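This report concerns only the one structure given below.
The values are calculated or read from the model by the stated rules, or taken from the named source; none is laboratory data. This is a predicted model, so every value here is computed, not measured. When we count neighbours, we look across all protein chains shown, and the Cβ atoms used for this are built from the backbone with ideal geometry, even at glycine. The protein model used for the area step is the full one, side chains on, heavy atoms only, and it has no ligands, DNA or RNA in it. Shrake-Rupley method; radii C 1.70, N 1.55, O 1.52, S 1.80 Å.
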Amino acid sequence: MKRDFLRLGDFSAEEYRALFRRARELKADRRQRTLEGRSLLLLFEKASTRTRISFEAAIGQLGGHAIALPMAESQVPRGETLEDTARVASRYVDAIMFRTHGDDRLQSLARAATVPVINGLSDGGHPVQVLADLFTVQEKLGSIEGKTIAFVGDGASNMALSFLEAAPIFGFTLRLAAPEGYRPEGARVVAPSEAVQGADVVVTDVWISMGQEKEAAARRKAFTGYCLDEKLLARAARHVIVLHCLPAHRGEEISAGVLDGPQSAVLDEAENRLHVQKALLEKLIL
Ligand code: CP
Ligand code: NVA
């Protein structure tokens, strides 16, 4: 039976422990070629820099290869169904990564595909990114369990939603600071200063996610006071690390001083996408 990775809830805490152990090994030894001859299809309905490069490098370094297909260049805009695309692609490749809008599209593709499907970002979550983020927390702070992670910004963003889903699985406390109208239903929210007070990790994400460009002006107004700057970060624990999945907008959701400062772990976080995704590809394909 194939397994998909569409959301954090798809694997257990024990499986994540094993996955991170393997990612550590793969990070220490980049010459392992466990996916010789395997192929990975990367389907994009939104832009990407890191996701495309890190998945292509991951499967390539493991001995396999990637086929990147921006959906706009496929037959889908001309009316071919996602399901037919998935069924055909499954005859060619060993796994499919899909970056899309609604989670319904992700689920339709995963149901029709007979090979594992990975969520490469949807409106409902960015699970591969949050895995890399938590791997970075473990690497920098020694453990994830019991830590306090503050998320400041768009509480309804795919990043915030995946962090919320991850908290009970990985055993950390998530403090969420998000303005009215940008909060997940039912979630407890606090002010940015309260969220960041004593936090071990502070995370933010863009205020205007892909697909929300028309709401830019209203969003910039609503998020006033939610910029992760030096003053806000000064409230965190002394050992705090700052995460941002990137791309970032300096002076908007995060100040240049914080993003480029000594507490920022964003480049290690970006690098860790490679190592964690290698472990994930092995787990799903082998
Ligand atoms: N963080 C992330 O997923 O970046 P890209 O949009 O560049 O892939
Ligand atoms: N929330 C952002 C994340 C980008 C990696 C977006 O969806 O655009």
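List of remarks:
- Taking every protein chain into account, the accessible area of the chain amounts to 44 square angstrom per residue (probe 1.4 Å).
- Distant alpha-carbon pairs in the chain (separation over 28 angstrom), percent: 35
- Rounded to the nearest 20, the Cβ-based charge dipole of the chain about its Cα centre (Lys and Arg +1, Asp and Glu -1) stands at 460 debye.
- Stretching the chain fully between A57 and E36 yields a gain of 6.2 nm (0.36 nm per residue, less the alpha carbon separation).
- Euclidean distance of C-alpha centroids, segment 85-108 and segment 1-67, integer Å: 15
- Protection proxy ranking, peptides 132-139, 110-117, 227-234, 26-33, average beta carbon neighbours within 10 Å, highest first: 132-139, 110-117, 227-234, 26-33
- DSSP H segments from the chain that extend 15 Å or more along their own axis, Cα-based, with Kyte-Doolittle mean of -0.5 or above: 50-61, 127-141, 158-170, 266-285
- Two-decimal Rg to Rh for segment 1-103 - Kirkwood Rh, Cα set: 0.99
- Share of Cα-Cα pairs in segment 61-168 lying beyond 25 Å, as whole percent: 35
- Here the label points at K283 and E83, each 7 Å from Cα along the C-beta direction, are separated by 3.0 nm in the simple model.
- Distant alpha-carbon pairs in segment 127-284 (separation over 23 angstrom), percent: 31
- Solvent-accessible surface (1.4 Å probe) assigned to H249 amounts to roughly 80 Å².
- Here T224 sits with roughly 100 square angstrom of accessible surface, probe radius 1.4 Å.
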